[in-house]
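Presented below is the structure to which this report refers.
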Amino acid sequence: MTAATAVLGYTLRVCLPARRWWTLVLPWVAAVLFGLLSFASDEPRQEAFAVTADHGLFSLLIPIGCLVVGDAVLGAEMRSGTFHFTWLSPVPIRTIVLGRWLGGWLISLVALVPAVALSAVVARSAAAIPALSLATAAGSAAYIGLFVLIGCVTRRAAVWSLAVVFLVERLLGSALSGVAQLSPMWESRAVYAGLGPDAEELLRDGVPDGWAAVVRLTIITVVVLALASWRLRHPRLAAASD
Amino acid sequence: MSTDGPVVTALSTGDPAFAAEATVEVRDLSVWFGPKVALSELSCSFGPGVTGLLGPNGAGKTTLMRAMTGLLGPKSGRVRVLGRDPRASREVQRSLALVPEDEAVPAGLTARQLVRYVADLHGVVDRTAVERCLDEVDLTDVADRKVGGFSKGMRQRVKVAAALVPDPTVLVLDEPLNGADPVQRAHLIALFRRLGAEGRTVIVSSHVLHEVERLAQRQIVLLQGRLAAAGGHRAIRDAMADRPRRMLVRTPAARQLAASLLGLEAVSGVTVDDGSIVVSSSRAGEVATALPRLARDLDTRLEEVRPLDDSLESLFRELVR
């Protein structure tokens, strides 16, 4: 087994122990509820679902789902003091970071893409599934990368991740398009705004949409992973009790 | 407790802090966390064989071990393992292994999965290595149990197995005997001694000092982040010649012998208690030589003569005093 495969396999095991696979269903349940919520609106189906997707899926489900997975990928190990098993090895740091990120991304794909698709089906907006799935996949890639980076930087990764999502992205990003351009939340929303049916209402000035947003999310992912690799070359891995 | 100067000055002259064939070198190493200085301009080295790393809580042992493995970066100074910086060279990690003190293990993995993971990361091609290492620490029977359910001692052992699987040249063990039962302690001590005898550099920290005495031929003693003493524990003790050593003497004529002992220039103090005498002297050898003569003069016999402070515990007590 190659080192990269070992890191990936370990990440999957640590993030989702064998008896916890059922937890993947939790976001599906939430997504179904959001899909049902769209019926509370009198607007046409597609437009009503776009609003629900904005407030429920892109603002809550995807960030929170990725936060849980992203923290388990690295931050939780940094806190508990088990990351040395991986770091104290000849495996290049970039392989460790990529393996961890890929493991987290795969889990988030399994948890979130079916969830958002299910939400669209429940809301009778099946036409939204391709754009919604693409937005979720690209957004979760950037989010997992971001939470891996936060896990490298601070031991209070979960708290800082929540602060980034709700204070920086949600609050500052609402007011400043400069922040929104660098935000997985706003950019994944913009992917759907540009490619989804009847989702023009979600378009926002100053934030690239459609495929341009996918490119932007890819760049964000690459940059945060590069920063995480750099940071992990100079760790301060104190013991869990320190 | 003051550590303004070296506690045992005699040790710095012959450089007992430095091993002859050093595999791990620490030069002027300083590490601090905010206002707390964990290590201060520490210089020492480690070579093949077992070296004990001693010191009270907060002395800097764990920090030194983490710096040696690259998990912590020095604020100043440098660490070299096999001639390379462990933070800059990923390759040196191939020859280096750490058993940390804290109990943390990936709870969802079995012992076999954890050791296999470490083996895969190191590119271990020998498929029997995992089983062999689990067997070394007597965990074969529970290899398929989740390590999250292991006792403290079992967790330590699975970490030892994971550390052994890459066949490291340098093995850093932070309190590896914690939580192990007496049988396992003896087993692990024998294992570490064997690894040292094979020419590996084995660095062991422990608070169980009599076990370090059994385990390590050489000790490095840290106090408040500084080097306090280095060498074999007897050599360290001898170097502390300016401090009185104590010996216990049992004899039927305790009071008379005590009075005779007080006449010796080498004796700095005597206490008598129920047939036994505790003699304090900075020249214990002279006292030991004189004792049979004094007993013969008093026509009495010596039932027991033994040093009270020739162990690491007493050395340790004296250093931290």
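Remark on segment A:92-147: hydrodynamic radius 11.9 angstrom, per the Kirkwood mean of 1/r across alpha carbon pairs. In chain B, the sites counted are GluC sites (Glu not before Pro) in DSSP loop states with at most 14 other Cβ atoms within 10 Å, and the longest stretch holding none of them, exclusive of the sites, is B:22-197. Put a dot 7 Å past the Cα of A:LEU26, heading toward its Cβ, do the same for A:VAL51, and the two dots end up 2.9 nm apart. Per DSSP H run of at least 4 residues, take -39500 (n - 2.57); add these up for chain A, divide by its residues and hand me the 222 nm value, nearest 500 deg cm²/dmol. About -20000 deg cm²/dmol. Shown here for segment B:238-304: trypsin sites (Lys or Arg not before Pro) in loop regions (DSSP other than H, G, I, E, B) with at most 13 other Cβ atoms within 10 Å, namely B:ARG301. The calculated pair-distance distribution of chain A uses every alpha carbon pair, bins of 10 angstrom beginning at 0, and gives 8, 33, 34, 18, 6, 1 percent. The angle separating the long axis of helix A:93-122 from the principal Cα axis of greatest extent in chain A is about 20 degrees.
The alpha-carbon atoms of chain B define a convex hull whose volume equals 157 cubic angstrom per residue.
Number of Lys-Lys pairs in the protein assembly as shown with C-alpha atoms under 17 Å apart and a separation of 8 or more places or on different chains: 4. For segment A:24-232, the relative contact order is 26 percent, taking Cα pairs closer than 8 Å that sit 6 or more residues apart in sequence and dividing their mean separation by the residue count. So if R0 is 41 Å, what FRET efficiency would A:TRP230 and B:GLU41 give, r being the distance between their Cβ atoms, rounded to the nearest 0.05? So, using R0 = 41 Å, E works out to roughly 0.90.
Reducing segment B:281-312 and segment A:10-69 to their Cα centroids gives an inter-centroid distance of 82 Å.
In segment B:245-320, Cα pairs under 8 Å separated by at least six residues give a relative contact order of 41 percent.
Put simply, the Cα atoms of segment B:87-179 extend 35, 28, 22 Å along their principal axes, the longest span coming first. All Cα-Cα separations within segment B:134-247 were binned at 5 Å from zero, giving a P(r) of 2, 10, 19, 21, 17, 12, 9, 5, 3, 1, 1, 0, each value a whole percent of the pairs.
In a fully extended conformation the segment linking A:GLU201 and A:ARG94 would gain 34.5 nm over its present Cα-Cα distance, using 0.36 nm per residue.
Axis of helix A:211-232 versus longest Cα principal axis of chain A: the two differ by about 20°, to the nearest ten degrees. Angle, helix A:184-195 long axis vs. longest principal axis of chain A, Cα atoms, 0 to 90°, nearest 10? Here the helix axis deviates by roughly 40 degrees.
Estimated from the Cβ-Cβ distance and a Förster radius of 45 angstrom, the FRET efficiency linking A:ASP42 and A:ALA163 is about 0.80. Taking other C-beta atoms within 10 Å as the exposure proxy, A:TYR10, A:TYR143 rank A:TYR10, A:TYR143 from fewest upward.
Between B:ASP167 and A:VAL222, the FRET efficiency estimated from the beta carbon spacing at R0 = 35 angstrom works out to 0.45.
Per residue, the average separation of C-alpha pairs within less than 8 Å and at least 6 apart gives segment B:10-239 a relative contact order of 29 percent.
For the protein assembly as shown, the Stokes-Einstein estimate of translational diffusion at 10 °C and a viscosity of 1.306 mPa s comes to 59 µm²/s, using the Kirkwood hydrodynamic radius over alpha-carbon pairs.
Segment B:245-320 gives an Rg/Rh value of 0.98, both radii derived from C-alpha positions and Rh following Kirkwood.
Candidate membrane-span-like segments in chain B, meaning DSSP H helices with Cα atoms spread over at least 15 Å of their own axis and a Kyte-Doolittle mean of 0.0 or above, are B:111-121, B:182-197, B:284-297, with no membrane implied.
Readers should treat all values here as calculations from the given coordinates under stated rules, not as data from a laboratory. Computed from a predicted structure; not experimentally measured. Reconstructed Cβ throughout: ideal geometry from the backbone, glycine too, with neighbour counts over all protein chains shown.
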